[in-house]
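Before any comments, here is the structure.
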Amino acid sequence: MNIQSKGAEPADALVIHQLVKQFGDFRAVNDISLSVPAGSFLVLVGPSGCGKSTLLRMLAGLEDPSGGEIAFEGKVVSSGAGGTLHDSASRHAGLVFQSYALWPHMTVEANVEWPLKVAKWSRQDRAARVTEVLTMLNIAELRDRYPAEISGGQQQRVAIARTIGPRPSILLLDEPLSNLDAKLRVEMRSELMRIHRMTGATSVYVTHDQVEAMTMATHVAVLNKGQVEQFGPPIELLQRPETTFVATFLGTPAANLLPAMRQGNEFWFDGQRIATAPAGMADTQVELLYRAQDIGIGAIEGRPQFTGKFTEAAPIAGQSMVTALVGSMRVTGMVDGYFTAIPGDDITLSLLREPDGIFNQAGRRIDS
Ligand code: ATP
């Protein structure tokens, strides 16, 4: 079987090659290929229904692929031709889901020990490993409690301890933090990164939260309609989105895309010239990427400016993120200090620099 997908290194811990999952006529996963080296933290991110969980379930061996292959550490574990060839235990995969699913009648210690029993670890090795993972998760003092006697965040830690106990070489996490409140989520995010560093397990993490994706990942795959829109290190996706979908999905605040007309070597928007077009560009209708920090609030001399109707302002780290409607389009800019205005008031927005990307009408990047 040829699992060597384009760009995959032979040493890659996880290789997904032309993977397809079909439900009737519908392709939930539509020809996905990507690979990551051992120890990576791969985040699958995308809007609801884009196929993240279906892809993860195939990685976990819970779903058979309709086509393509998955290999862990050089071994094909699922194939469109042969279905699921190895269950999650024999593929050394550990699964953490949104619901913790702890055994309610077992103590924390017994919950964590259970998979080690199933894997036939000796009593002595089990005792040592349970103490080790409970300590790693900072829950050693809860070992004699039952799940009903601990908080949601603590239950999630127990679920993670239980999963990493048998030292999986690949860790699969499906929105594991989504049941936690906002503060706990942020704490558990750094906890998970610490655990990832300590265990060294290659991890695949599903989320629809782009902030989680950007903070935790070594590699991000942005999925859209069952396909990979873009795959790479988070900073690369942020700095050079290849599609308008990625440009607007990642980054906080979301980037702006201004529809512009090219006339000769000039881009026009709102009845004025706003930027220089690169030589040799064929497209006349384009979308120009301006990040919020590249749009100032108020008139700035010598810069292209236009008027919008103020909708809202949010304070962020000493600045205000200000949104206005230009026609029916929301445009977000930044200004120092605390900004306020009456909704519906006219405000001036200024473009502080040249656009950070040029996209054609199909949403593909066309500047080099
Ligand atoms: P969410 O963030 O909402 O969990 P997701 O990206 O994880 O979404 P999936 O659960 O992978 O999305 O679903 C992808 C698509 O496949 C959806 O349109 C879903 O309705 C469809 N789908 C998933 N499982 C099945 C199934 N067993 N039968 C038919 N369609 C399915």
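The values are calculated or read from the model by the stated rules, or taken from the named source; none is laboratory data. Computed from a predicted structure; not experimentally measured. Note that each Cβ is placed from the backbone with ideal geometry, even for glycine, and that neighbours are counted across all protein chains shown. Side chains included, ligands, DNA and RNA excluded: accessible areas come from the protein's heavy atoms. Shrake-Rupley method; radii C 1.70, N 1.55, O 1.52, S 1.80 Å.
The table that follows gives values for the structure above.
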item: Strands (runs of 3 or more DSSP E) (entirely within the range 52-118) containing at least 1 residues that are closer than 17 Å to TYR205 by Cβ; result: 67-72, 93-96
item: Cβ pairs under 7 Å, 6+ apart, first in the range 49-74 and away from the ligand (no atom under 11 Å from the Cβ), second β-branched (Val, Ile, Thr) and open to solvent by 20 Å² or more (accessible area, probe 1.4 Å); result: GLY61/THR84; ASP64/THR84; GLU69/ILE3; GLU69/VAL76; ALA71/ILE3
item: Members of the range 63-76 that are open to solvent by less than 20 Å² (accessible area, probe 1.4 Å) and over 24 Å from the mean Cα position of the chain (by Cα); result: GLY67
item: Tabulated pairs, the range 309-332, first not assigned by TED's automatic domain parsing to the domain that holds GLY296, second open to solvent by 20 Å² or more (accessible area, probe 1.4 Å) and in a loop (DSSP other than H, G, I, E, B), C-beta under 9 angstrom, 6+ apart or interchain; result: none
item: Restricting the range 221-236 to residues that are among the hydrophobic types (A, V, I, L, M, F, W, C) and more than 11 Å from the chain's Cα centre (by Cα), the residue that is nearest to the ligand (Cβ to nearest atom); result: VAL228
item: Single unsatisfied condition, HIS105 versus (1) closer than 24 Å to LEU192 by Cβ; (2) more than 16 Å from the ligand (Cβ to nearest atom); (3) open to solvent by 70 Å² or more (accessible area, probe 1.4 Å); result: (1)
item: Residue tally, condition surrounded by fewer than 18 Cβ atoms within 10 Å (Cβ to Cβ), under 20 Å from LEU289 (Cα atoms) and charged (D, E, K, R), over the range 224-237; result: 1
item: Residues satisfying the stated conditions in the range 108-147, i.e. of a type in the set (Phe, Trp, Tyr) and more than 23 Å from HIS196 (Cβ to Cβ); result: TYR146
item: Output for the range 194-252, where each listed residue is over 25 Å from ALA182 (Cβ atoms), touching a helix residue (DSSP H, G or I) at 6+ places or on another chain (Cβ under 7 Å) and of a type in the set (D, E, K, R); result: GLU229
item: Options LEU42, LEU95, LEU85; residue that is away from the ligand (no atom under 13 Å from the Cβ), crowded, with 22+ Cβ neighbours inside 10 Å and not basic (Lys, Arg); result: LEU42
item: Odd one out for VAL29 among (1) at pLDDT 95 or above; (2) within 15 Å of the ligand (Cβ to nearest atom); (3) closer than 24 Å to GLY200 by Cα; result: (3)
item: Selection within the range 156-185 - out of contact with any strand residue (DSSP E or B) (no Cβ under 9 Å at 6 or more places or on another chain) and either surrounded by fewer than 23 Cβ atoms within 10 Å (Cβ to Cβ) or more than 14 Å from PHE97 (Cβ to Cβ) (or both); result: ARG157, ALA161, ASN179, LEU180, ASP181, ALA182, LYS183, LEU184, ARG185
item: Candidates ALA221, ALA213, ALA201, ALA260, filtered to the one that is modelled with pLDDT of 95 or more, under 28 Å from PRO168 (Cα atoms) and open to solvent by less than 10 Å² (accessible area, probe 1.4 Å); result: ALA221
item: Matching residues, the range 258-272, being over 14 Å from LEU349 (Cβ atoms) and assigned to a strand (DSSP E or B); result: PRO259, ALA260, MET261, ARG262, GLN263, GLU266, PHE267, TRP268
item: Pairs with Cβ under 8 Å, 6+ apart, first in the range 23-34 and β-branched (Val, Ile, Thr), second open to solvent by 90 Å² or more (accessible area, probe 1.4 Å) and in a strand (DSSP E or B); result: ILE32/GLN18
item: Tally of residues being in contact (Cβ under 8 Å) with a residue 12 or more places away in the chain, more than 16 Å from the ligand (Cβ to nearest atom), among the hydrophobic types (A, V, I, L, M, F, W, C) and farther than 22 Å from ILE16 by Cα across the range 166-220; result: 7
item: Of all residues making up the range 238-247, the number that are part of a helix (DSSP H, G or I), of a type in the set (S, T, N, Q) and either buried (at least 16 other Cβ atoms within 10 Å of the Cβ) or at positive phi (or both); result: 1
